[in-house]
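Visitor: My questions will all concern the structure given below.
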Amino acid sequence: KQLKKVTTALAISAAFSFSAFAADPIVIKFSHVVANETPKGQGALMFQKLVDERLAGKVKVEVYPNSSLYGDGKEMEALLLNNVQMLAPSLAKFDKYTPKIQLFDLPFLFDDIKAVERFEQSEAGKSLLTSMEDKGITGLGYWNNDLKQLSANKELIEPKDARGLKFRVQASEVLDAQFKALRAVPRKMAFGEMYQALQTGTVNGAENPYSNIYSQKVHEVQKFITESNHGLLSYMVIVNTKFWNSIPEDIRAELSAILDEVSVEVNKKSHELNLSDKQKIIDAGTTKIITLTPEQREAWREVMRPVWKQFEGQIGADLIQAAEASNK
Ligand code: LMR
């Protein structure tokens, strides 16, 4: 009788642990601040879909777009507390964790998005992915959005046109310095607050790639966009290092492989997606897009370029050189 009791207890506990296993996949909350229709939004959804297909029952990805779970002021803290497990913050938002990543915000560093990709795949680029592990952050890959354009309620053709205007910037010292170099007034502000700040006139302008301009309806509150391509908006997909290392090795390897596949796809499509959003802005008829002559663009470069020297010490001259070498 005693034996029967024990076997029943064992059977129950086995059933329990089995059902606990079956019912409890590893949950990866992926929080971000942009719309689903953007390169990052699409990447997060594709990651979710592939994990669903290939790791069903083992891992579940929950995507929270549009700052619906955390805004960009809070998401990094939330990752470190393991309240979310995956993010893809803009590279402008890492200066607290490693000053080297400020590299990506230097104005007029990359000639085009192809050069950006070359740098990201280089040894120097890849080394930045693991540069924050002592802080509890592991980078899994880069997702590019596109080069940024300047928007304002005033025509910006020469650098002096920006003087005195207030621009919303991401929380980055480099971007702050970039607008100060123009003698404009930078205002650091969360992405989710940008639309209203532009609408109410708290700020007069901003800088974004076309996909963020269109999906945030920035074009409805900005009369002009200067196609300056003056800087980069790219992301690092990051996970909480402790959480990541706690995942069984076989599952982690599959997740890494999926992420690599998604990164290739995002980076293949992001420029095209931005061009199509540019066309939608043109079609909306709300905003004039200003194309600069090479000489006009050069004038912006000259005014912004001293920012490089200001940050060279923090970033490292060798890293800057490695990035420049990707422009070929
Ligand atoms: C911004 O704050 O402008 C961007 O970082 C938003 C984003 O994630 O694309």
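The values are calculated or read from the model by the stated rules, or taken from the named source; none is laboratory data. Predicted, not measured: the structure shown is a model, and the values here were computed from it. Note that we place each Cβ from the backbone using ideal geometry, even for glycine, and neighbour counts take in every protein chain shown.
Table: residues versus (1) on the phi < 0 side of the Ramachandran plot; (2) at pLDDT below 95; (3) in contact with a helix residue (DSSP H, G or I) (Cβ under 9 Å, 6 or more places away or on another chain).
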residue: Val51; (1), (2), (3): yes, no, yes
residue: Leu55; (1), (2), (3): yes, no, yes
residue: Val61; (1), (2), (3): yes, no, yes
residue: Pro65; (1), (2), (3): yes, no, yes
residue: Lys74; (1), (2), (3): yes, yes, no
residue: Glu77; (1), (2), (3): yes, no, no
residue: Asn83; (1), (2), (3): yes, no, yes
residue: Leu87; (1), (2), (3): yes, no, yes
residue: Ser90; (1), (2), (3): yes, no, yes
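Visitor: Turning to a different aspect of this structure: What do you reckon, is Asp105 within 14 Å of the chain's Cα centre (by Cα) and at pLDDT below 95?
Guide: Considered against the rule, which asks whether it is within 14 Å of the chain's Cα centre (by Cα) and at pLDDT below 95, Asp105 comes out as no.
Visitor: Taking into account only those residues within segment 148-168 that are hydrophobic (A, V, I, L, M, F, W, C) and in contact with a strand residue (DSSP E or B) (Cβ under 6 Å, 6 or more places away or on another chain), which is nearest to Leu255 (Cα to Cα)?
Guide: Going through the qualifying residues, I end up with Leu150.
Visitor: Given (1) away from the ligand (no atom under 15 Å from the Cβ); (2) under 22 Å from Ser127 (Cα atoms), where does Val237 come up short, assuming only one miss?
Guide: The number of the failed condition is (1).
Visitor: OK, next. Residues of segment 217-234 being more than 16 Å from the ligand (Cβ to nearest atom) and in a helix (DSSP H, G or I), which ones?
Guide: Hit for segment 217-234 is Glu220, nothing else.
Visitor: Is there any pair with a first residue in segment 300-328 that is aromatic (Phe, Trp, Tyr) and a second that is part of a helix (DSSP H, G or I) whose Cβ atoms are under 7 Å apart and which are 6 or more apart or on different chains, and what are they?
Guide: So the pair list comes out as Trp300/Pro159; Trp308/Ile320; Phe311/Gln102; Phe311/Val174.
Visitor: Right, something else. Mind checking which pairs have a first residue in segment 129-145 that is within 20 Å of Asp105 (Cβ to Cβ) and at pLDDT 95 or above and a second that is of a type in the set (D, E, K, R) and within 16 Å of the ligand (Cβ to nearest atom), Cβ under 8 Å, 6 or more apart or different chains?
Guide: The qualifying pairs are Trp143/Lys40; Asn145/Lys40.
Visitor: Within segment 92-106, how many residues are without any contact (Cβ under 8 Å) to a residue 40 or more places away in the chain and either in a helix (DSSP H, G or I) or of a type in the set (Ser, Thr, Tyr) (or both)?
Guide: Result for segment 92-106: 1.
Visitor: Any residue that is within 14 Å of the ligand (Cβ to nearest atom) and touching a residue at least 24 places away in the same chain (Cβ under 8 Å) - is there at least one of those in segment 45-55?
Guide: no
Visitor: So which residues in segment 107-128 are buried (at least 18 other Cβ atoms within 10 Å of the Cβ) and more than 16 Å from the ligand (Cβ to nearest atom), if there are any at all?
Guide: Those that are buried (at least 18 other Cβ atoms within 10 Å of the Cβ) and more than 16 Å from the ligand (Cβ to nearest atom): Phe108, Leu109, Phe110, Ala115, Glu117, Phe119, Glu120, Ala124, Gly125, Leu128.
Visitor: I'd like the residue in segment 187-216 that is part of a loop (DSSP other than H, G, I, E, B) and within 14 Å of the ligand (Cβ to nearest atom) and, out of all such residues, is nearest to Glu272 (Cα to Cα).
Guide: Here the answer is Pro209.
Visitor: If you go through segment 83-94 one residue at a time, do you hit one that is surrounded by fewer than 15 Cβ atoms within 10 Å (Cβ to Cβ) and out of contact with any strand residue (DSSP E or B) (no Cβ under 7 Å at 6 or more places or on another chain)?
Guide: No, there is no match, as no residue in segment 83-94 is surrounded by fewer than 15 Cβ atoms within 10 Å (Cβ to Cβ) and out of contact with any strand residue (DSSP E or B) (no Cβ under 7 Å at 6 or more places or on another chain).
Visitor: Please count how many residues of segment 58-91 are part of a loop (DSSP other than H, G, I, E, B) and under 20 Å from Trp244 (Cβ atoms).
Guide: Of the residues in that region, 10 qualify.
Visitor: State which residue pairs qualify: first residue part of a loop (DSSP other than H, G, I, E, B) and inside segment 160-171, second residue among the aliphatic types (A, V, I, L, M) and away from the ligand (no atom under 11 Å from the Cβ) in any location, beta carbons under 6 Å apart, and separation of 6 or more residues or different chains.
Guide: So the pair list comes out as Leu165/Ala184.
Visitor: Residues that are hydrophobic (A, V, I, L, M, F, W, C), without any contact (Cβ under 8 Å) to a residue 24 or more places away in the chain and under 15 Å from Lys40 (Cα atoms): does segment 260-273 have at least one?
Guide: Yes: segment 260-273 contains one or more residues that are hydrophobic (A, V, I, L, M, F, W, C), without any contact (Cβ under 8 Å) to a residue 24 or more places away in the chain and under 15 Å from Lys40 (Cα atoms).
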